[in-house]
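A quick write-up on the structure given underneath.
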Amino acid sequence: MRTNIFLVSIILFTLFNSCNTDDVIEETEEICPRNVDIGLEALSPYSATIKWLETQGFASNYEYGEKGFVLGTGVKGNTSDENVELKDLKPNTEYDFYLQSICTAEIVGEFITNPYTFTTLTCYELNADNLGFIGYVENGDFNSFWIPNRNAEEWQVAMLVNDNRNPTEAQIYTVEPNVNRFNFPDIEPNVEYTFFVRGKCNDVYGEWVTKNINTGDENLTSPCKAVVSNVYDDGYNINFYVNTLSSYVVEVVEENTEKETGLTFEGYFDLNKRTFHNEYSDYVKADTNYDIFVRVACGSSFSEYAKVLTYRSPIANVVFITESSVVDDQLQLSWPDYHYGFNYEYCQSYDQVIYEIEYGQQGFIEGEGVLIEITNPTSSGASFSYNLPLSNFESGNTYEFSIRSVVNGKSRSGWNSLNSGACNRTNKDRHTFTMP
């Protein structure tokens, strides 16, 4: 009986140790975690940069191919970085990207079973709204242009009378990728044509993009007309496209004044509303309308002026007196150093600014008070100040003070002006002071 109990004890002990050994092996099995946060860092028609975040690994294997490829048959690579650039891709094509983490030479993770999928960009983008015509140029050819969002490897263009929609029956011309305009020979006036454009990507041409044109249009029959398109005018810039192969001149002139008396610019024009009034301070007045005109060169002369739009300069810097105090035998007047102007959706200041203060006894009529010009006020932090002798004032009397800015040597703000919310100009009351 004792022997049986002993044998049973040995068997149980053996079984128990066997189970414990298996548990230890499972708990110490080493696993290499997957990389996470896979995404695009850059994308083009022919390449893509994929990024990710390594967890505990020091390197990664990757494999990619067109969507649906079998893992093991794609393009393979290895990197110790947390991104990789995939090159020589096809435009407008879906790709699958697999990633495998490496923790040590012996321990690697599994490829992510759900691949990261992305689509390369088309190598060019073009729509009919971005096709246009300048018209007949001096040698008699007819000029067309197109403005793609992205350029093709090369372009093909053709022109056909409107009742023929098959460009293969026309003379097809090949154009270099960065030209984006073409002079068609032998185009007749007063005829309906269809203009065809298409681009080539990866040795394959895209679909034709078309636009109809009547060469009798009055804006196209003369090479000496200023035709403006794509006018851009927001709170900060004004620019536009002039449809001409010739040189052209832009003039900015004060509204209702003679042309050829304003500012002139040759070629591409970009008015920066934040700086224009300071760059041309000798000409630009505050809070004033300026017309912008264009004219194109025609041999030794120029076309008629074509008005593009009207630009309004900012108001003069706002200013108002905030406080007055007696300092020794002086009355010190203070006002904020506000660098604000106004032009619809933006506030901008003038760099050339002086101040005028008018004062008198309470209720004085504007223009009949004492006027002082202040070219160098005392600056202290975010404010200016100016001192008047107390001897200018009679004891017991109340005085009123107004202040305004003068910018660019010629333009005055309103008296006691203030901007309140989104640059809306208002006016404060006069500042008052009673002489002790």
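The values are calculated or read from the model by the stated rules, or taken from the named source; none is laboratory data. Please read all numbers here as calculations on a predicted model, not as lab measurements. Backbone-built Cβ (ideal geometry, glycine too); neighbour counts: all protein chains shown.
Looking at the range 232-266, which of its residues are among the hydroxyl-bearing types (S, T, Y), outside any loop (DSSP other than H, G, I, E, B) and in contact (Cβ under 8 Å) with a residue 12 or more places away in the chain? First the steps, then the outcome.
Quick first cut of the range 232-266, residues among the hydroxyl-bearing types (S, T, Y) only: 232, 236, 241, 244, 246-248, 257, 261, 264.
In the following step, the residues that additionally are outside any loop (DSSP other than H, G, I, E, B) were identified as 232, 241, 248, 264.
Y241, Y248, T264, listed by residue number.
Keeping to the range 38-62, report how many residues are part of a strand (DSSP E or B), exposed (fewer than 14 other Cβ atoms within 10 Å of the Cβ) and more than 29 Å from the chain's Cα centre (by Cα).
Going through the range 38-62 one residue at a time, the tally reaches 1.
So for the range 114-134 (the condition being of a type in the set (G, A, S), surrounded by 15 or more Cβ atoms within 10 Å (Cβ to Cβ) and in the same structural domain as F69 (by TED's automatic domain parsing)), does at least one residue qualify? It would help to see each step written out before you state the result.
The initial filter retains those residues of the range 114-134 that are of a type in the set (G, A, S), namely 128, 132.
So of that shortlist, the ones also surrounded by 15 or more Cβ atoms within 10 Å (Cβ to Cβ) come out as 132.
Of the ones still in play, those that are also in the same structural domain as F69 (by TED's automatic domain parsing) are none.
Looking for residues that are of a type in the set (G, A, S), surrounded by 15 or more Cβ atoms within 10 Å (Cβ to Cβ) and in the same structural domain as F69 (by TED's automatic domain parsing), one finds none in the range 114-134, hence no.
Looking only at the range 288-315, filter to residues that are assigned to a loop (DSSP other than H, G, I, E, B) and modelled with pLDDT under 90; which one of those is farthest from V228 (Cα to Cα)? First the steps, then the outcome.
First, the residues of the range 288-315 that are assigned to a loop (DSSP other than H, G, I, E, B): 288, 299-300, 303-305, 313-315.
Those still in the list that are modelled with pLDDT under 90 too: 299-300, 303-305, 314-315.
Numbers: G299: 20, S300: 21, S303: 13, E304: 13, Y305: 11, P314: 26, I315: 29 Å.
So, considering only residues that are assigned to a loop (DSSP other than H, G, I, E, B) and modelled with pLDDT under 90, the one farthest from V228 (Cα to Cα) is I315.
If a residue counts only when it is touching a Ser or Thr at 6+ places or on another chain (Cβ under 8 Å) and free of Cβ contacts under 8 Å to residues at least 60 places away in the same chain, which strands (runs of 3 or more DSSP E) contained entirely in the range 95-147 have at least 1 such residues?
Working: elements: 116-119, 131-136, 142-146.
So the answer is 116-119.
Sort out for me the strands (runs of 3 or more DSSP E) sitting completely within the range 365-431 that have 2 or more residues that are within 35 Å of the chain's Cα centre (by Cα) and farther than 17 Å from T322 by Cβ.
398-407
Could you look through the range 86-118, keep only residues that are closer than 19 Å to T73 by Cβ and at pLDDT below 85, and pick out the one that is farthest from the chain's Cα centre (by Cα)?
E110
Go through the range 174-200 and give me each residue that's in a strand (DSSP E or B), closer than 18 Å to I147 by Cβ and either without any contact (Cβ under 8 Å) to a residue 24 or more places away in the chain or hydrophobic (A, V, I, L, M, F, W, C) (or both).
If we filter the range 174-200 for residues that are in a strand (DSSP E or B), which is where we start, we get 174-175, 181-184, 192-200.
Still in the list and also closer than 18 Å to I147 by Cβ: 175, 181-184, 195-200.
Result: V175, F182, F184, F195, F196, V197.
When the residues of the range 226-266 are filtered to those that are aromatic (F, W, Y) and surrounded by fewer than 17 Cβ atoms within 10 Å (Cβ to Cβ), which remaining residue is modelled with the lowest pLDDT? Give the steps one after another, and end with the answer.
Keep residues of the range 226-266 that are aromatic (F, W, Y), which gives 232, 236, 240-241, 248, 265.
Pick out the ones that are also surrounded by fewer than 17 Cβ atoms within 10 Å (Cβ to Cβ) and you get 232, 236, 241, 265.
On the way: Y232: 90, Y236: 83, Y241: 88, F265: 95.
Within the range 226-266, the match that is modelled with the lowest pLDDT is Y236.
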